[in-house]
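The values are calculated or read from the model by the stated rules, or taken from the named source; none is laboratory data. Computed from a predicted structure; not experimentally measured. With ideal geometry, Cβ positions are generated from the backbone for all residues, glycine too; neighbour counts draw on all protein chains shown.
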Amino acid sequence: MLTLKVDPVKCDGCGRCAVACQVGHAFSSGGRLPVFAAPLLWIRQSGDSKRIEICRHCETPVCADACVAGAIYCDAGSGTVQVCADKCIGCYSCVMDCPFGALCLQEGLAAKCDGCRDINGPLCAKHCPTGALQTAADSRAAAASRRRGRLLLTGRAR
Amino acid sequence: MSKYLIIGYSTAGLSAVRALTEYEPRASITVISAERHLPYSRVLLTHFIAGKVQRRDLDLVVPDFSQQAGITLLQGVRAVHIDPGEKRVMLDNGERLSYRALLLSTGSSPIFPEGLTPSDPCVAGLRSLEDCEKIMRHAVPGAAVAVIGGGPVGVKLACALREAGVSVHMLVSSPHLLSQVADEEAAGMVRKRMEACGINILTGVDVSGLEPDSDGAATLMLNDGTELACSLAVFCKGVRPNTEPLQVLQTRGGGIRVDKFMRSVFEDIYAAGDVAETFEITRRQYCTAAIWPHAVRQGRLAGLNMAGCEAPYGGSLFRNALEVFGLPFISIGIHPVSSCGNWDMEICRDGLVYRKLIYRENSLVGAQLVGRVEEAGALQAEIRRCAVQDLDE
Ligand SMILES: Cc1cc2nc3c(=O)[nH]c(=O)nc-3n(C[C@H](O)[C@H](O)[C@H](O)COP(=O)(O)OP(=O)(O)OC[C@H]3O[C@@H](n4cnc5c(N)ncnc54)[C@H](O)[C@@H]3O)c2cc1C
């Protein structure tokens with residue numbers, strides 16, 4: 001079960017998570033000589049500061065509702081939200097609907113955090129010095145982080 | 001008698017079925033579908049025309065979904081009349097069905113100018129797979145097709161036809177493309193990209209008539225006195241909600257207005273998707289906000305509320321995303337058509353990038369992005385936050 005807790009307020013935009021994400025994915029795919037793909041999380045300017053934008057793996061993901069091609073699904077086993085590259089048509093609907101800015105198009109397809117399903121624990125959290133990203137020991141913290149997505153979109157979060 | 005009756009089996013209807021079966025696993029559900037196909041993604045039809053997806057990619061469910069979900073599906077039949085007093089629905093095959101709770105998810109249909117109908121061999125709309133097949137029969141490389149209407153569906157269709165090798169003429173009655181969702185500058189960037197890819201775009205013109213030729217093609221008469229030869233004219237000039245089954249009781253011409261629990265004014269009749277009029281949070285009025293994510297969400301909430309779980313809808317928010325030959329365009333919320341009122345704009349432009357934020361009384365109510373759109377999601381959330389705050393005040 002994915003237990004990544006996100007607290008963007010603590011993020012100072014150092015970018016180590018992005019590098020860890022790239023390295024992690026390069027090695028997890030099995031090659032000896034890694035090919036560095038683009039990271040699956042982003043440090044973006046927000047007003048005067050920089051902030052992390054990463055998938056919360058929401059319980060009821062709005063990106064999946066927005067997807068017109070049935071390409072975004074919840075993987076029940078890992079508790080993650082995934083994009084099926086074969087089905088994605090690169091229409092930007094999910095990009096427009098995710099309040100966390102957690103999706104963008106890479107090479108014409110929607111790209112987002114895959115929750116590091118294939119390795120043990122997300123590397124981005126391991127390398128975060130500020131606590132903006134944490135692997136939560138208790139799953140309630142992670143669930144709270146996810147639930148925020150739902151609250152925001154029913155328009156009742158404050 | 002089925003406890004739940006759903007009329008229209010597409011995005012909203014399917015979403016309701018999923019919610020109902022999840023919340024009440026052994027519920028008795030009957031679904032009436034005018035179409036003979038299982039639910040498919042209408043939005044992918046232009047991608048199908050462009051040859052980017054296969055027929056099977058359009059399907060939204062696996063073939064035995066009805067059995068899995070335990071629903072009764074009546075395909076190829078239409079509901080023609082609803083009697084809210086008797087709680088009965090009459091079908092076009094003469095059958096009558098009673099219900100405990102009813103959902104209208106009948107979507108919408110393309111609007112055609114007076115005197116032209118899709119039964120004419122040279123005239124089409126784009127809504128169903130049948131429409132799509134008709135267009136594809138004409139969409140052979142080298143053929144000329146006229147796309148009438150410059151909204152998001154017209155733009156998507158013109159691009160798809162061009163990708164299929166067709167020569168495309170776009171006829172737009174407004175002074176610029178996408179006039180409902182974009183300003184002149186943003187629309188101009190989209191237009192430039194389409195023209196660079198070989199689409200002929202005429203603005204400020206309308207079709208005044210159509211003359212069939214002897215060889216199966218047609219000549220379109222335009223209101224500026226010119227003529228245009230094409231093998232097919234596809235009308236993408238907006239849609240009208242399919243309210244027919246309730247029409248006798250409907251006084252206004254719009255959709256079926258629902259409250260935040262998706263309930264219409266008729267007892268135990270719910271509506272969701274393109275046919276429903278919901279509260280739009282930036283316009284601050286009830287309207288049909290006919291887009292996919294609304295159909296999904298409203299369908300789900302209608303299902304939950306029909307099953308007795310009080311799940312309120314947070315309101316609709318107009319938005320559109322387009323990809324025009326690699327150029328992304330996103331429009332969210334409202335954009336002022338006149339300068340009256342208290343509007344402020346914040347505009348940034350840089351080559352192929354355009355970003356416009358629209359404020360009303362210092363609240364963010366709209367955004368248009370061209371070229372770079374990563375921040376669209378965050379802006380959308382901010383527009384919702386502002387709208388909710390303003391409503392509470
Ligand atoms: C070409 C195209 C491109 C689009 N692109 C986008 C896009 O990019 N993004 C976006 O957000 N939206 C897009 N849309 C809009 C989106 O497809 C609709 O908002 C969505 O399909 C609405 O779903 P719905 O279930 O309410 O209605 P519909 O999908 O219209 O389904 C209604 C169903 O009810 C059936 N029905 C109607 N009357 C009866 C009756 N009396 N009895 C029985 N059955 C009946 C109809 O046959 C139909 O099967 C696009 C639409 C089209 C046509």
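Of note:
- The condition (being touching a Ser or Thr at 6+ places or on another chain (Cβ under 9 Å), within 13 Å of another protein chain (Cβ to nearest Cβ) and among the aliphatic types (A, V, I, L, M)) is satisfied by just one residue among B:Val324, B:Val296, B:Val275, B:Val258: B:Val296.
- Pairs with Cβ under 9 Å, 6+ apart, first in region A:70-94 and closer than 16 Å to B:Pro293 by Cβ and at pLDDT 95 or above, second part of a helix (DSSP H, G or I) and among the aromatic types (Phe, Trp, Tyr): A:Ser93/B:Trp292
- Selected residue (criterion: surrounded by the most Cβ atoms within 10 Å (Cβ to Cβ)) from residues of region B:232-263 that are β-branched (Val, Ile, Thr) and part of a loop (DSSP other than H, G, I, E, B): B:Val258
- Residue, surrounded by the most Cβ atoms within 10 Å (Cβ to Cβ), within region B:313-332, restricted to residues that are aromatic (Phe, Trp, Tyr) and within 13 Å of the ligand (Cβ to nearest atom): B:Phe329
- The residue that is farthest from the ligand (Cβ to nearest atom), counting only those in region B:264-286 that are assigned to a strand (DSSP E or B) and buried (at least 19 other Cβ atoms within 10 Å of the Cβ), is B:Phe279.
- Scan region B:337-357 for residues that are more than 21 Å from B:Arg191 (Cβ to Cβ) and touching a strand residue (DSSP E or B) at 6+ places or on another chain (Cβ under 8 Å) and the total you get is 6.
- Strands (runs of 3 or more DSSP E) wholly inside region A:67-139 containing at least 1 residues that are surrounded by 17 or more Cβ atoms within 10 Å (Cβ to Cβ) and within 7 Å of chain B (Cβ to nearest Cβ): A:104-106
- Answer residue from region B:39-87, given it is touching an Asp or Glu at 6+ places or on another chain (Cβ under 6 Å) and farther than 25 Å from B:Gln247 by Cα and is nearest to the ligand (Cβ to nearest atom) among those: B:Tyr40
- If you go through region B:287-312 and keep only what is part of a loop (DSSP other than H, G, I, E, B), free of Cβ contacts under 8 Å to residues at least 60 places away in the same chain and within 14 Å of the ligand (Cβ to nearest atom), you end up with B:Ala289, B:Ile291.
- B:His335 meets each of the listed conditions (1) outside any loop (DSSP other than H, G, I, E, B); (2) surrounded by 21 or more Cβ atoms within 10 Å (Cβ to Cβ) apart from (1).
- Scope region B:135-156; condition hydrophobic (A, V, I, L, M, F, W, C), more than 14 Å from chain A (Cβ to nearest Cβ) and either within 17 Å of the chain's Cα centre (by Cα) or within 15 Å of the ligand (Cβ to nearest atom) (or both); matching residues: B:Ile135, B:Met136, B:Ala139, B:Val145, B:Val147, B:Ile148
- Selection within region A:45-58: residues that are at pLDDT below 90 and farther than 21 Å from A:Ala85 by Cα. The member of this set that is farthest from the other protein chains (Cβ to nearest Cβ) is A:Asp48.
To keep it simple, each residue is scored yes or no on (1) out of contact with any helix residue (DSSP H, G or I) (no Cβ under 6 Å at 6 or more places or on another chain); (2) within 14 Å of B:Ala321 (Cα to Cα); (3) away from the ligand (no atom under 14 Å from the Cβ); (4) at pLDDT 95 or above.
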| residue | (1), (2), (3), (4) |
| --- | --- |
| B:Ala160 | no, no, no, yes |
| B:Ser174 | yes, no, yes, yes |
| B:Gly188 | yes, no, yes, yes |
| B:Lys192 | yes, no, yes, yes |
| B:Ile199 | no, no, yes, yes |
| B:Gly204 | yes, no, yes, yes |
